[in-house]
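S.K.: This is the structure I want to talk about, given as structure tokens.
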Amino acid sequence: MDLKSLIRDIPDFPKPGIVFRDITTLLNHPQGLRYTIDTLTAKCRDYGLSPDYIVGMESRGFLFGVPLAYQLEAGFIPVRKPGKLPAAVHSIEYDLEYGSDSLEIHQDAVASHHKVLIVDDLIATGGTAKATADLLEKIGCEVLGFAFIIELIDLGGREKLPDLPIITIIDY
Ligand code: PRP
Ligand code: ADE
């Protein structure tokens, strides 16, 4: 299936010069959505990845992380933007393609003996994924790898990540 044809390109969003890769049109397509989750699942199995938890980043990481967790019989842990999680958090600063922010995870969500897979819709500069990996490593759990639907190759985000499996489906 041509998944790229289901991604909508929006020029100059949210800032001039950024081409926004809009996954809402993929989510809106029943067969495309199913094919995306099935492909992600198959790639994780090909790598032999059996995480205890999928860690998904707000907000679009939630959309793909939860169905992947269901398929892999793992739990799901949200990593959220500041001030959203209600209980005690660990937090870390990170950079975006268009700005900067920080990320938080519940302190009691994961323990040091757990294996986790980091999932997001897209890797651009890699700042979000790197910050999430750093946060999880600080907690002491084992990061098995990363999975993204979309990779923006020219931004070189994967070079920031540790030497672990990086699953992607669509490249730009
Ligand atoms: C987008 C995207 C990734 C991140 C990738 O999220 O969903 O999380 O940026 O960029 P990076 O590789 O340069 O860090 P965004 O922060 O726009 O939040 P949203 O999902 O809530 O829209
Ligand atoms: N997140 C960071 N860069 C992005 C882009 N170009 N399109 C969609 N989401 C993004």
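S.K.: Can you say whether ASP163 is outside any helix (DSSP H, G or I) and in contact with a Gly (Cβ under 6 Å, 6 or more places away or on another chain), as far as the supplied structure shows? Give the derivation first.
M.R.: Details: outside any helix (DSSP H, G or I): yes; in contact with a Gly (Cβ under 6 Å, 6 or more places away or on another chain): no.
No; evaluated as a whole, the condition is false for this residue.
S.K.: Inside segment 109-132, can you point out the residues that are away from ligand 2 (no atom under 16 Å from the Cβ) and crowded, with 21+ Cβ neighbours inside 10 Å?
M.R.: Step one: of segment 109-132, the residues away from ligand 2 (no atom under 16 Å from the Cβ) are 109-117.
Within segment 109-132, ALA109, VAL110, VAL116, LEU117 meet the criteria.
S.K.: Within segment 124-138, identify whether any single residue is more than 16 Å from ligand 1 (Cβ to nearest atom) and of a type outside the set (S, T, N, Q), and answer yes or no.
M.R.: yes
S.K.: Can you tell me which residues in segment 20-32 are open to solvent by 60 Å² or more (accessible area, probe 1.4 Å) and without any contact (Cβ under 8 Å) to a residue 24 or more places away in the chain?
M.R.: Residues satisfying the conditions are THR24, ASN28, HIS29, PRO30.
S.K.: In the set GLU142, GLU159, which member is modelled with pLDDT of 95 or more, touching a strand residue (DSSP E or B) at 6+ places or on another chain (Cβ under 9 Å), among the charged types (D, E, K, R) and open to solvent by 20 Å² or more (accessible area, probe 1.4 Å)?
M.R.: One residue alone meets the criteria, GLU142.
S.K.: Checking the structure you have, find out if any residue of segment 85-92 is closer than 30 Å to LEU3 by Cα and either away from ligand 2 (no atom under 16 Å from the Cβ) or not β-branched (Val, Ile, Thr) (or both).
M.R.: So the first thing to find is which residues in segment 85-92 are closer than 30 Å to LEU3 by Cα, and the list is none.
No, there is no match, as no residue in segment 85-92 is closer than 30 Å to LEU3 by Cα and either away from ligand 2 (no atom under 16 Å from the Cβ) or not β-branched (Val, Ile, Thr) (or both).
S.K.: Still on this structure, I have one more. Residues being more than 15 Å from ASP121 (Cα to Cα) and open to solvent by less than 40 Å² (accessible area, probe 1.4 Å): count how many of those fall in segment 55-76.
M.R.: Of the residues in that region, 3 qualify.
S.K.: Has segment 42-54 got any residue that is surrounded by 13 or more Cβ atoms within 10 Å (Cβ to Cβ) and free of Cβ contacts under 8 Å to residues at least 40 places away in the same chain?
M.R.: Among the residues of segment 42-54, not one is surrounded by 13 or more Cβ atoms within 10 Å (Cβ to Cβ) and free of Cβ contacts under 8 Å to residues at least 40 places away in the same chain, which makes the answer no.
The values are calculated or read from the model by the stated rules, or taken from the named source; none is laboratory data. It should be emphasised that the depicted structure is a prediction, and the values quoted were computed from it without experimental measurement. Every residue, glycine as well, gets a Cβ built from its backbone with ideal geometry; the counts of neighbours run over all protein chains shown. These accessible areas exclude ligands, DNA and RNA; they are computed on the full protein's heavy atoms, side chains included. Shrake-Rupley method; radii C 1.70, N 1.55, O 1.52, S 1.80 Å.
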